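Presented below is the structure to which this report refers.
The values are calculated or read from the model by the stated rules, or taken from the named source; none is laboratory data. Because the structure is a prediction, the values reported are computed rather than measured. Side chains are part of the model used for accessible areas, which takes the heavy atoms of the whole protein and leaves out ligands, DNA and RNA. Shrake-Rupley method; radii C 1.70, N 1.55, O 1.52, S 1.80 Å.
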Amino acid sequence: QEIEDLLALHPGVDDVAIIGVPEPDMGEQVWAVVKPADPTAGEEVREELLAYCRERLSGFKCPRGVDFVDELPRLPTGKLLKRDLRARYWTE
């Protein structure tokens with residue numbers, strides 16, 4: 001929640017979710033899934049968001065990567081469906 005709250009304050013972020021994604025050696029790693037304020041956001045925004053986190057959080061809390069999406073899956077009530085996001089990364 002701390003990481004989501006921080007990234008939500010960044011002007012380049014419209015919506016954000018933090019999830020755990022598979023990582024071969026450690027099992028999971030922290031990953032940010034972001035709906036950017038500018039739909040044409042590219043690599044420079046990704047690096048800016050990672051640097052923004054590194055300046056404000058402990059190293060182990062910082063996302064290891066950022067993926068951009070057009071929309072985050074939410075219920076009509078606004079609740080984020082993290083299980084739907086995780087399903088994109090985890091295969092059984």
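Surface listing: Tyr52, Tyr89 arranged by accessible area from highest to lowest gives Tyr89, Tyr52, probe 1.4 Å.
Taking the DSSP beta bridges with both ends in the chain, the antiparallel portion is around 75 percent. For the chain, the relative contact order works out to 29 percent when only alpha carbon pairs closer than 8 Å and six or more residues apart are counted. Taking every protein chain into account, the accessible area of the chain amounts to 63 square angstrom per residue (probe 1.4 Å). Size descriptors for the chain (Cα atoms only): Rg and Dmax, in that order, 12.9, 37 Å.
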